[in-house]
Amino acid sequence: MSNNAALLARRERLLGKNVSTFYNDPVHLVKGEGVWVWDADGRRYLDCYNNVPHVGHCHPRVVEAIARQAATLNTHTRYLHEGILDYVERLTATFDDSLDTAILTCTGSEANDVALRMAQAVTGKTGVIATNFTYHGNTAAVSQLSIRMPPVGGYGGHVRHVPAPDGYRPLGGEGGEAFTRAWTEALNEAIEDLKKSPFGFSALIVCPYFANEGFPQLPPGFLVSAAEAVRKAGGLLICDEVQPGFGRTGSHFWGHQYAGITPDIVTMGKPMGNGHPIGGVVASTDTLNAFRKAFRYFNTFGGNPVSCAAASAVLDVLEDEKLMENARVVGEYARAGLSKLGEKHDLIGNVRGSGLFFGAELVLDRTTKEPASDIATRVINAMRERGVLMGKLGVKQNATKIRPPMPFSKDNADLMLSVLDDVLAGL
Ligand code: PMP
């Protein structure tokens with residue numbers, strides 16, 4: 001048995017079946033630095049996928065901040081500590097003035113769970129709307145939102161799904177404002193349906209970049225009318241920033257700012273601690289206090305001194321190394337390179353994204369836009385064989401997902417593009 005096969009068998013025995021891995025031949029990673037990771041045989045891979053090591057794998061300043069705080073004090077959050085206050089002060093300064101308080105959690109799932117309860121506390125209702133190809137986490141409550149990974153025991157009846165927006169194949173068949181209107185109409189229908197139900201309408205929860213839906217290119221202001229519809233119906237807008245947050249889009253620190261809207265509640269996780277588990281919910285003082293009044297809530301680890309040291313160091317590095325600007329510049333460069341590859345390879349149907357979150361939708365035919373889902377699987381596996389790690393996602397599972405650590409350079413982009421060129425030519 002090869003070493004990987006033995007590890008897989010052990011993993012299945014100890015962690016259970018169906019614990020998924022990436023790639024036909026999963027990679028056994030042992031080390032990371034910047035945008036690079038190494039496997040157990042010493043082979044180096046360019047990481048074009050991972051947004052968790054946001055400021056780069058094992059960034060020395062984050063590692064040092066964690067080690068220093070772990071050697072000084074780490075405890076739960078029932079004591080006074082300046083670390084959490086300093087961090088929340090810095091975090092909320094990146095938001096609109098109306099979003100000025102926070103609860104810190106350990107994961108994005110928990111953050112969304114809290115956000116749903118905040119909306120319930122404010123509105124007195126429990127009906128929630130999400131898209132039909134989203135994922136907002138794994139707690140009993142938020143797993144109810146996912147069609148892709150259906151909750152055990154079925155749905156509770158309080159969730160309505162609207163179609164995942166797709167700018168390449170717009171709802172109603174027409175792009176631009178007509179598409180925005182058609183989608184907002186679908187949202188309004190879901191709102192009305194909930195209002196007629198015993199649950200009422202509490203909140204719309206969306207990733208403002210629609211990351212899991214395949215980061216569609218949407219008409220300008222697409223979510224503005226959705227936000228208006230939600231408010232008009234007395235609901236709250238929750239933006240899940242687990243993926244586009246912390247400057248990834250290159251132009252804005254938060255995905256909702258990129259989308260031109262101000263939500264009532266914002267949730268975050270993945271990149272926040274560069275791999276150290278920390279998440280958060282940001283809301284207005286009134287919303288947070290309504291939640292505190294309605295629910296007793298305590299989180300042993302959320303916002304502990306070590307997590308806050310890690311998260312603060314991430315903000316330091318983002319600022320000092322100008323990584324949002326890097327995401328903008330390198331992202332534009334890489335997307336232009338990808339579009340250029342599209343002149344050579346008919347498979348590339350639609351290049352899209354912003355900053356360091358972009359990719360191409362692969363299609364069998366540019367006119368019919370028939371998704372090349374199986375080919376996308378072959379492409380990402382062939383990339384992995386050649387030492388470049390990327391993923392795929394979207395409703396049709398045919399969009400390459402390129403979302404590297406933020407220090408990704410133009411040289412890194414050139415390498416990724418030349419390997420992709422090779423792989424596409426060899427299909
Ligand atoms: N929201 C979104 C949009 C996500 O993509 C994910 C994880 N992929 C989560 C929430 C859940 O985050 P976590 O795994 O930290 O609980």
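Return the carbon/sulfur percentage of the accessible area of the stretch 1-131, one whole number, probe 1.4 Å, all protein chains in place.
On the stretch 1-131, the fraction of accessible area on carbon and sulfur atoms equals 52 percent.
So if each residue of separation counts as 0.36 nm, and I subtract the Cα-Cα distance between Lys340 and Tyr297, what length gain in nm does that give?
That pair, Lys340 and Tyr297, stretches by 10.3 nm at full extension.
If the viscosity is 0.890 mPa s and the temperature 25 °C, what translational diffusion coefficient in µm²/s does Stokes-Einstein give for the stretch 181-239 when Rh comes from Kirkwood over Cα pairs?
Estimated via Stokes-Einstein, D reaches 203 µm²/s.
How compact and how long is the stretch 251-362, expressed as Rg and Dmax of its alpha-carbon atoms in Å?
18.8, 60
Can you pull the Kirkwood radius for the stretch 99-152, inverse mean 1/r over Cα pairs, to one decimal in Å? List each step's numbers first, then the result.
Numbers: mean 1/r = 0.0839 Å⁻¹.
Its Kirkwood hydrodynamic radius stands at 11.9 Å.
Please work out how much length the chain gains when fully extended from Leu14 to Val224, using 0.36 nm per residue of separation minus the C-alpha to C-alpha distance, in nm with one decimal.
Working: separation 210, 0.36 × 210 = 75.60 nm, distance 4.73 nm.
Stretched fully, the Leu14-Val224 segment lengthens by 70.9 nm.
Find out how many positive minus negative residues lie around Pro244, taking Lys and Arg as positive, Asp and Glu as negative, among other residues whose Cβ is under 14 Å from that of Pro244.
+3
Compute, for the stretch 175-265, the length of the dipole vector about the Cα centre, with Cβ point charges of +1 (Lys, Arg) and -1 (Asp, Glu) only. Units Debye, rounded to 20.
120 debye
How large is the convex hull of the C-alpha atoms of the stretch 1-43 per residue, in Å³?
91 Å³
Taking Cα centroids, how far is the stretch 376-398 from the stretch 204-248 in Å?
26 Å
How big is the shadow of the Cα convex hull of the chain, averaged over all directions, in nm²?
Spelled out: convex hull of the Cα atoms, projected over all directions, averaged, 21.1 nm².
Can you give the net charge of the other residues whose Cβ lies under 13 Å from the Cβ of Ser354, counting K and R as +1 and D and E as -1?
+4
In a GNM of the chain with a 10 Å cut-off on Cα contacts, which of Gly269, Gly255, Gly387 has the highest mean-square fluctuation?
Answer for the Gaussian network model of the chain: Gly387.
In whole percent, how big is the carbon plus sulfur part of the accessible area of the stretch 138-248, probe 1.4 Å, protein atoms only?
Numbers: 2380 of 4350 Å².
C and S atoms contribute 55 percent here.
Within the chain, what percent of beta bridges assigned by DSSP are antiparallel, to the nearest 5? Walk me through the numbers before you get to the answer.
Working: 30 of 47 bridges.
Percentage antiparallel, nearest 5: 65.
Just flag the trypsin sites (Lys or Arg not before Pro) in the stretch 1-88 sitting in loop per DSSP whose Cβ has no more than 12 other Cβ atoms within 10 Å.
Of the trypsin sites (Lys or Arg not before Pro), the ones in loops of the stretch 1-88 whose Cβ has at most 12 other Cβ atoms within 10 Å are Lys17, Arg43, Arg78.
Write down the radius of gyration of the stretch 304-427 and its Dmax, each obtained from C-alpha positions, in Å.
16.2, 55
Once fully extended, how much extra length lies between Glu325 and Tyr23, figured as 0.36 nm per residue of separation less the alpha-carbon to alpha-carbon distance?
Additional length available on full extension: 105.6 nm.
Express the carbon and sulfur contribution to the solvent-accessible surface of the stretch 250-320 as a percent, rounded to the nearest whole number, probe 1.4 angstrom.
Roughly 49 percent, rounded to a whole number.
Residues of the chain: accessible area per residue at 1.4 Å, in Å²?
44 Å²
The values are calculated or read from the model by the stated rules, or taken from the named source; none is laboratory data. All values derive from a computational prediction rather than experimental measurement. Every residue, glycine among them, receives a Cβ derived from its backbone with ideal geometry; neighbour counts consider all protein chains shown. Ligands, DNA and RNA are stripped out before the accessible areas are found, and what is left, the full protein with its side chains, is counted by its heavy atoms. Shrake-Rupley method; radii C 1.70, N 1.55, O 1.52, S 1.80 Å.
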